[in-house]
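The values are calculated or read from the model by the stated rules, or taken from the named source; none is laboratory data. Keep in mind that what you see is a predicted model, and the values were worked out from it rather than measured. Every residue, glycine as well, gets a Cβ built from its backbone with ideal geometry; the counts of neighbours run over all protein chains shown.
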Amino acid sequence: MIKSLFYITHINNLPSILQHGILSHQQVIARNLSFTPVYNAEIVAHRQQRLTPDGKSLWEYANVYFQPRNPMLYKVLSEINKNDVVILGIKPQILDTEGAFIALGNAAHLLTPLVDVKTGLQAVNGEYWNILNSDWWKTEDGTKRKIMAECLIPNVIPPAAIHSVYIASASVSERIRPLLSQLPHSVEVVVEPHMFFQPRRHGAITDKLSWVDGDMFFSQMQTLTVSVNTVGVMGKGLASRAKYQFPDMYVGYQDVCRNKTLVIGKPYLYKREASLDEDLADEPLSLPNLNANKWFLLFPTKKHWKERSDPEGIEKGLQWLLENYKAEGIQSLAMPALGCGLGGLDWKDMGPLMCKYLSQMEIRTAIYLPQEQRIPPEFLTRAFLLGR
C-alpha cells in the first residue's frame, strides 16, 4: 500500500513550489521561472527524448519517486550539501490525475516500461515491493534502475498535494517553517537523516572514536568491517548483505577460508579496487570519489557459523588490528558491534572491549550499534565505554 510519494529538490526552490506546485520541466520553461537545479543538465536533456505511451516527452510531466533513498538522491548528495536538499512527501492521490503514468524504474532508461497507473501499482505492490523497500541496489540485476521507479504526472502537482517536508537535520527547519506557515493547509516537517544516507544518531567516545546508529554500508570510512566465520559461509545478517552487495569480496573471502589464511585472531584485509560511488550513484558521474577503493576487513568472530561468537577470539583480533592497521594502510574504519548480532554477545560486554583497543588507534573509527539490541543510554557514555 503506497502511503506517500516523494520529490527531491533544492531548498531554494521551496518558495516557488509552495506557490506554483511541482511543475514539469516544460512548465518551468514556459513560465520563465528561475530555479536551482539538483539534477545534472545531461540527465534533464536526455529525459526530453523519452516519450510516454501518449507520445509526450518526459519534460511534460512532473516526476516523483516511490523510494527517495535511491541512486539519484545519492548522486545529488555527493554534489550538494545535505542541508540544502529537501524531500517533499506527496499524497498518493495524485495518481488519480488523468493522463498519469508509472515508470517501473528510471523513466529515462529505455529498458524501463512506462505503463498506466493500474498496471504500475500492481507491479509496485507486487514484484517491485522488495526492491523499492531495499537498502541497496545493483546494476547487474537491474535493481539500481528499478528502485528509481517514478510516477509521471502531467504538467503540475499542486501545492495542496504536499503533506511533509523531510530534512536531514533539525537545523534546516528554521529555514523552512516560515514558508510553510503561509500555506492554507498543514505541512509536517520531518527530520529523517536515514533518508539522506546519514546516521540516525551518533555520539563521540574520543576525538577519533564514535558510536553510530545507522547503516554501516553507507559509511564514508575507507574500510568497512564484516563479521565472518572461518568456514566460508555468509548466510545471515551483515555478512549476507555484504555477500549480495560485493560478490567480488565474497569470492576473496571464500579463498582465504579455503587456504586457511583467515583464522580466529587474525582478520584479513580485502582491498577492493572498485569505487563504491560508481556502484551507488546514478549516472553520469561527477563525483569526488569519497568512496573510491573501499576496503573490507574480514573479521572472524567464530569458527563455524552455527557457533556463538567467541569473545576471546574477538579480543585477539582487535589486538592484531591495533598492531597492524598502520602497516596494512587502513586510513579510517567502520566496524559493527562484533558478535552482538547473530553471534549472541551483549553490547554491555563487547562495547567496552572494542573501545579498549579502538580508542588507541590514530585514525577515525566508528562502531555501528547492533540493530538487534536496544542499547540503554548509560551503556553509550564515554565513562562506561572507556572504563573510566
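Results, tabulated for the structure shown:
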| read-out | value |
| --- | --- |
| In region 132-154, residue nearest to Ile102 (Cα to Cα) [restricted to those that are surrounded by 22 or more Cβ atoms within 10 Å (Cβ to Cβ) and among the aliphatic types (A, V, I, L, M)] | Leu152 |
| Enumeration of residues in region 18-53 that are among the β-branched types (Val, Ile, Thr) and touching a strand residue (DSSP E or B) at 6+ places or on another chain (Cβ under 7 Å) | Ile22, Thr36, Val38, Thr52 |
| Region 81-110 - residue that is outside any helix (DSSP H, G or I) and within 16 Å of the chain's Cα centre (by Cα) and, of those, surrounded by the most Cβ atoms within 10 Å (Cβ to Cβ) | Val86 |
| The lone exception for Gly343 - which of (1) assigned to a loop (DSSP other than H, G, I, E, B); (2) surrounded by fewer than 18 Cβ atoms within 10 Å (Cβ to Cβ) it fails | (2) |
| Residue among Pro158, Pro113, Pro199 that is out of contact with any Pro (no Cβ under 8 Å at 6 or more places or on another chain), without any contact (Cβ under 8 Å) to a residue 40 or more places away in the chain and either not hydroxyl-bearing (Ser, Thr, Tyr) or not assigned by TED's automatic domain parsing to the domain that holds Leu73 (or both) | Pro113 |
| Which listed residue is more than 20 Å from Leu5 (Cβ to Cβ) and either under 15 Å from the mean Cα position of the chain (by Cα) or of a type in the set (S, T, N, Q) (or both), from Ser181, Ser186, Ser164 | Ser181 |
| Residues within region 243-302 that are in a loop (DSSP other than H, G, I, E, B) and modelled with pLDDT of 80 or more, tallied | 14 |
| Enumeration of residues in region 189-237 that are within 17 Å of Met354 (Cα to Cα) and under 14 Å from the mean Cα position of the chain (by Cα) | Asp213, Met216 |
| Residue within region 315-331 that is surrounded by 15 or more Cβ atoms within 10 Å (Cβ to Cβ), at pLDDT below 90 and outside any strand (DSSP E or B) present | no |
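Residue by residue, here is whether (1) acidic (Asp, Glu); (2) free of Cβ contacts under 8 Å to residues at least 40 places away in the same chain; (3) over 25 Å from Val76 (Cα atoms) holds:
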{"site": "Tyr253", "(1), (2), (3)": "no, no, yes"}
{"site": "Lys260", "(1), (2), (3)": "no, yes, yes"}
{"site": "Glu278", "(1), (2), (3)": "yes, yes, no"}
{"site": "Pro300", "(1), (2), (3)": "no, no, yes"}
{"site": "Leu318", "(1), (2), (3)": "no, no, yes"}
